[in-house]
Amino acid sequence: MLKFNEPMSKHCSLRSGGTTSEFFQPTDIHKLSDFLKNNKKPVLMVGLGSNLLVRDRGFNGVSIQTKNLKDLSISKDLIESGAGTSLAKLSRFALAQLKYGAEFLSAIPGSVGGALAMNAGAFGSEIWQYVVSVKTMNLSGELQNRHPQDYEISYRSTLHRFKDEFFVSATFDFNLEEQNDHVGELLQKRNSTQPIGLPSCGSVFKNPKNHFAAELIEVSGLKGFCIGGACVSKKHANYIINQDNASAMDIENLIAHIQETIKKKHNIELETEIIIV
Ligand SMILES: Cc1cc2nc3c(=O)[nH]c(=O)nc-3n(C[C@H](O)[C@H](O)[C@H](O)COP(=O)(O)OP(=O)(O)OC[C@H]3O[C@@H](n4cnc5c(N)ncnc54)[C@H](O)[C@@H]3O)c2cc1C
């Protein structure tokens, strides 16, 4: 389904941002491939928008949302998942098959594709630790098989040589001998320390070496500080909340203010984790 001038605030968990000139939700990878073969516009891949902000002036291209690419299957002890499957669903599916290791994913509100692009992680685990292979598609709509060694994977970052490829599915090996974490406990822990349920994108900044971004922001007195409708969460200082119809500009200005303050007070450069388009 192709839409025009779609507000990206509807598809990003910050509930803010401009429009995309075209918005496409393929129902399967064949439709996606056919679409790409005829597309000449710049492409923005969108999973569940839980780490994404489109600037107020919008994206002049096609945003492709993978939400419907959500096949899940198990074969020879390996789980294959479409890029659009939510991490919570993948985690539940793995547990139901008595496959252990995916529990930490239940605490991250993204899709498999977004998590691969970000090397998402929580509670000491990261998604790429469990990847056997991925299927990618290039901008000409052609499929490829890739492996972890094809990527440079580090803290919240996945770099690859194949710049015009994106993830359409992944095969995981969740075969720990026992559950790594108890899902209920993880969710309880997350809910008690993070402002869950309010519009945010999770942690805005990466933790600098030997520091926690949240701690630096908190000791700088920025908890609760607002610019326009965007505020630093009072519960978790590395979260920005869209408290009152924040524009993307409000959010970016608040990000810049935090970065300047931390640089001035601690001489540390905070790098953003959120992707701003
Ligand atoms: C309340 C909250 C808590 C969070 N907690 C955590 C946490 O504990 N740990 C953590 O790591 N993250 C956390 N996040 C951030 C976010 O959930 C993760 O980064 C997640 O992996 C993003 O997935 P997504 O599908 O929402 O990606 P999106 O936000 O849609 O996209 C993120 C990036 O991935 C790219 N992308 C999306 N799909 C694809 C694809 N198929 N192929 C290639 N590139 C793609 C996009 O272009 C963009 O650059 C949190 C967010 C929120 C709102």
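Note on the chain: with charges restricted to the Cβ of Lys and Arg (+1) and Asp and Glu (-1), its dipole about the Cα centre is near 580 debye. Annotation: lysines with alpha-carbon distance below 25 angstrom to residue 209 (same-chain offsets under eight excluded): 189, 223, 234, 235, 263, 264, 265.
Here the calculated FRET efficiency for residue 193 and residue 268, from their Cβ-Cβ distance with R0 = 22 Å, stands at 0.50, rounded to the nearest 0.05.
Above 21 Å, the calculated P(r) of segment 72-172 contains 27 percent of its Cα-Cα pairs. In a reduced charge model with +1 at each Lys and Arg Cβ and -1 at each Asp and Glu Cβ, segment 97-191 shows a dipole moment near 260 debye about its Cα centre.
Take every pair of alpha-carbon atoms less than 8 Å apart whose residues are at least six positions apart; their mean separation over the length of the chain yields a relative contact order of 18 percent. The stretch between residue 176 and residue 38, if pulled fully straight at 0.36 nm per residue, gains 45.3 nm over its current Cα-Cα span. Of all lysines in the structure, the ones whose alpha carbon falls short of 20 Å from that of residue 135, not counting any fewer than 8 places away in one chain, are 31, 37, 67, 70, 76, 89, 163. Between residue 59 and 19, 20, 21, the built amide H atoms are under 5 Å apart, and every one of these is 5 or more places off in sequence or on another chain.
Packing, taken as the mean count of other beta carbons within 10 Å per residue, orders the peptides 135-144, 242-251, 117-126 from highest to lowest as 242-251, 117-126, 135-144. Partnerless cysteines in the chain, where a partner means another cysteine C-beta under 4.7 angstrom, comprise 12, 201.
Which order do peptides 128-134, 161-167 fall in by mean Cβ count within 10 Å, highest first? If you can, show how the numbers build up before the last one.
On the way: 128-134: 19.1, 161-167: 15.0.
Packing proxy ranking, top to bottom: 128-134, 161-167.
Taking every Cα-Cα distance in segment 196-276 and sorting them into 5 Å bins starting at zero, the pair-distance distribution P(r) comes out as 3, 17, 31, 28, 15, 5, 1 percent. Rounded to two decimals, the Cα radius of gyration of the chain over 2.2 N^0.38 Å is 1.01.
By the equivalent-ellipsoid construction on the alpha carbon gyration tensor, segment 85-238 comes out with semi-axes of 30, 21, 14 Å, ordered largest to smallest. What residues of segment 27-66 lie in the reach of a label at residue 253, counting those whose backbone N is under 16 Å from a point 7 Å from the Cα along Cα→Cβ? Answer for this model: 55-57.
Using the Cβ-Cβ distance between residue 133 and residue 57 with R0 = 35 Å, the FRET efficiency computed as 1/(1 + (r/R0)^6) comes to roughly 0.35.
Taken together, the values in this text are just the output of simple stated rules run on the coordinates, not laboratory data. Note that this is a predicted model, so its numbers are computed, not measured. Because the Cβ atoms are built from the backbone with ideal geometry, glycine has one as well, and the counts that use them run over all protein chains shown.
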